[in-house]
Amino acid sequence: MKLLSVIVPCYNEEETVADFYAEFMKNRSFFAEKDLEYEIIYVDDGSKDRTVEEIRKLHDADERVHMVSFSRNFGKEAAMYAGFEHAKGDYVVTMDVDLQDPPSLLPEMFSYIEEGYDSVATRRVSRKGEPPIRSFFARMFYRLMKKISKTEIVDGARDYRLMTRQMVNAILSVKEYNRFTKGIYGWVGFRTKWIEFENVERKKGETKWSFWKLFAYSLEGIMAFSTAPLAFASVLGILFCVLAFLMIVIIIVKTLVFGDPTSGWPSMICILCLISGVQLFCMGIIGQYLSKAYMEVKGRPIYICREEI
Ligand code: UDP
Ligand code: MG
């Protein structure tokens with residue numbers, strides 16, 4: 001008998017935990033048919049509501065429900081990592097608890113694993129029900145990522161993914177602190193089949209990602225999988241050097257040939273402001289990478305566990 005581990009990160013999800021279980025169990029006959037055993041690992045990401053109690057209730061009714069509970073909110077990336085560490089399955093799938101990753105897709109996903117794929121990933125083809133600004137920035141992010149990163153990060157990709165044990169072990173071997181799992185999936189490689197589906201809106205509760213949280217997360221992704229911003233800083237520097245050189249030549253020629261000393265401090269101040277702005281901006285980019293390196297060097301654990309059942 002093969003074991004399927006289901007990793008479900010939860011943060012303040014008291015309303016959806018039980019619904020997820022019910023929806024997931026609709027696949028029961030499929031599991032029986034495939035001779036597949038399952039375990040559900042709810043990772044409680046330091047919820048402040050009754051999520052832990054709800055999970056405990058499910059565990060009391062079905063011992064195949066497990067829980068890893070964090071000492072505080074460490075973020076979804078850390079929750080997924082904890083799930084990977086605790087999963088014992090031959091196959092592992094990560095999915096959101098809010099049913100935006102429909103469990104009904106599992107049989108189809110599983111069929112591709114049987115065909116010999118190492119991983120089956122999902123992407124949503126629409127973003128209906130999402131604020132337009134959010135969709136716009138999301139698209140821009142993926143377009144930019146495509147240009148500046150060698151690692152493939154697919155537009156609309158969800159974290160809903162079924163993987164073999166081999167791929168999970170590969171992901172676990174990536175121990176970086178600043179985790180951007182969508183990038184890590186691409187980075188480890190393996191044969192991946194993409195499945196598309198229409199966006200499903202969250203059933204209950206509300207999204208945990210504000211616009212700014214997502215924005216910061218996208219910067220995290222860029223810095224984790226590309227050093228293009230650093231190169232951009234150098235290019236900008238070279239550009240300004242060339243410009244300054246040309247200006248010096250023009251001013252010298254103008255003064256010597258036409259005897260017309262350059263006047264006007266307002267223009268001077270403008271240029272000064274512009275250049276110091278660019279300098280600070282570039283220093284900021286370097287600072288960001290430095291801060292990431294600093295966090296990595298500290299070697300802190302990715303999450304702290306408070307309770308396991
Ligand atoms: N989540 C988490 N930790 C967080 C934020 C979110 O574990 O700090 C979980 C959340 O419970 C859900 C999944 O990540 O299962 C996706 O979150 P959400 O539905 O709020 O994001 P959205 O679908 O709106 O992008
Ligand atoms: Mg959601």
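Cβ-Cβ contacts under 6 Å between residues 6 or more apart (or on different chains), taken from a first residue in segment 284-305 that is within 22 Å of S234 (Cα to Cα) to a second residue that is in a loop (DSSP other than H, G, I, E, B), are listed as K292/N178. Cβ-Cβ distances below 6 Å connect the following pairs, each with a first residue in segment 9-20 that is among the hydroxyl-bearing types (S, T, Y), a second residue that is near ligand 1 (Cβ under 6 Å from one of its atoms), and a separation of six or more residues or different chains: Y11/D45; Y11/K208; T16/V97; T16/D98. The residues in segment 38-67 that are surrounded by 15 or more Cβ atoms within 10 Å (Cβ to Cβ) and either under 20 Å from L162 (Cα atoms) or free of Cβ contacts under 8 Å to residues at least 12 places away in the same chain (or both) can be counted, and the count is 9. Does D96 satisfy being closer than 21 Å to R306 by Cβ and within 16 Å of ligand 2 (Cβ to nearest atom)? It is false that D96 is closer than 21 Å to R306 by Cβ and within 16 Å of ligand 2 (Cβ to nearest atom). Filtering segment 237-260 to residues that are among the hydrophobic types (A, V, I, L, M, F, W, C), closer than 26 Å to I286 by Cα and surrounded by 11 or more Cβ atoms within 10 Å (Cβ to Cβ) leaves L239, F240, L243, A244.
In the set S210, S263, only one residue is polar (S, T, N, Q), loosely packed, with under 13 Cβ neighbours inside 10 Å and within 16 Å of ligand 2 (Cβ to nearest atom); that residue is S210. Candidates in segment 1-46 are the residues that are within 20 Å of E85 (Cβ to Cβ) and acidic (D, E); of these, the one that is farthest from ligand 1 (Cβ to nearest atom) is E37. Within this structure, I153 passes the test of being more than 15 Å from ligand 2 (Cβ to nearest atom), in contact with a helix residue (DSSP H, G or I) (Cβ under 7 Å, 6 or more places away or on another chain), closer than 30 Å to L3 by Cβ and not in a helix (DSSP H, G or I).
Of the numbered criteria (1) of a type outside the set (K, R); (2) under 25 Å from L58 (Cβ atoms); (3) in contact with a strand residue (DSSP E or B) (Cβ under 9 Å, 6 or more places away or on another chain), the one V120 fails is (2).
Do you know which of the residues in segment 223-236 that are assigned to a helix (DSSP H, G or I) and in contact with a helix residue (DSSP H, G or I) (Cβ under 7 Å, 6 or more places away or on another chain) is farthest from ligand 1 (Cβ to nearest atom)? Working first, answer last.
Step one: of segment 223-236, the residues assigned to a helix (DSSP H, G or I) are 223-225, 228-236.
So of that shortlist, the ones also in contact with a helix residue (DSSP H, G or I) (Cβ under 7 Å, 6 or more places away or on another chain) come out as 223-225, 228-230, 233, 236.
On the way: M223: 19, A224: 17, F225: 19, A228: 25, P229: 25, L230: 29, A233: 31, L236: 33 Å.
The residue in question is L236.
Restricting segment 176-199 to residues that are outside any helix (DSSP H, G or I) and in contact with a Gly (Cβ under 9 Å, 6 or more places away or on another chain) leaves a set whose member that is surrounded by the fewest Cβ atoms within 10 Å (Cβ to Cβ) is E196.
One residue stands out in segment 74-103 among those that are among the hydrophobic types (A, V, I, L, M, F, W, C) and assigned to a loop (DSSP other than H, G, I, E, B): the one that is nearest to ligand 1 (Cβ to nearest atom), namely V97.
None of the figures in this text is laboratory data; all of them are computed from the coordinates on show. Owing to the predicted nature of the structure, the values given are computational and were not obtained by experimental measurement. All Cβ positions, glycine included, derive from the backbone under ideal geometry; neighbour counts span all protein chains shown.
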